1. Looking at (1) modelled with pLDDT under 85; (2) surrounded by 12 or more Cβ atoms within 10 Å (Cβ to Cβ); (3) assigned to a helix (DSSP H, G or I), which is the only condition THR89 fails?
2. Give me the pairs: first residue in segment 13-36 and touching a residue at least 60 places away in the same chain (Cβ under 8 Å), second residue acidic (Asp, Glu) and open to solvent by less than 80 Å² (accessible area, probe 1.4 Å), beta-carbon distance under 7 Å, and six or more apart or on different chains, which are they?
Amino acid sequence: MKFFLISDNIDTLMGLRLVGIEGVVVHERHEFLVILQEKMKDESIGIILVTTKLIELCPDIISEIKLKQQKPLITEIPDRHGQSKIGETIDGYVSEAIGVKL
């Protein structure tokens, strides 16, 4: 199993290529969805890394895929600007699930 990156910027792509992760850079919603569908059919890919900005282009579709499909795992990664609030979102989900504010 291997990783694959779908990014909105070249910096993230180059950084992950240094550790052996291949990927592509896309900027439009349609491009992103075409690449995502193509890579989801690739049996050798176990995890697809997607930058936050691309996830924000179509959160409804990504949520549906995450709920219905076991493989590959789609994982959101923050972009180089670091303005993502992934940690806060996860804290909110956990707090809601267990009923205790973290």
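The values are calculated or read from the model by the stated rules, or taken from the named source; none is laboratory data. Just so it is clear, the model here is predicted, and its values are computed rather than measured. Note that we place each Cβ from the backbone using ideal geometry, even for glycine, and neighbour counts take in every protein chain shown. In case anyone asks, the SASA skips ligands and DNA or RNA and just uses the protein heavy atoms, side chains included. Shrake-Rupley method; radii C 1.70, N 1.55, O 1.52, S 1.80 Å.
1. Status for THR89: all satisfied but (2).
2. none
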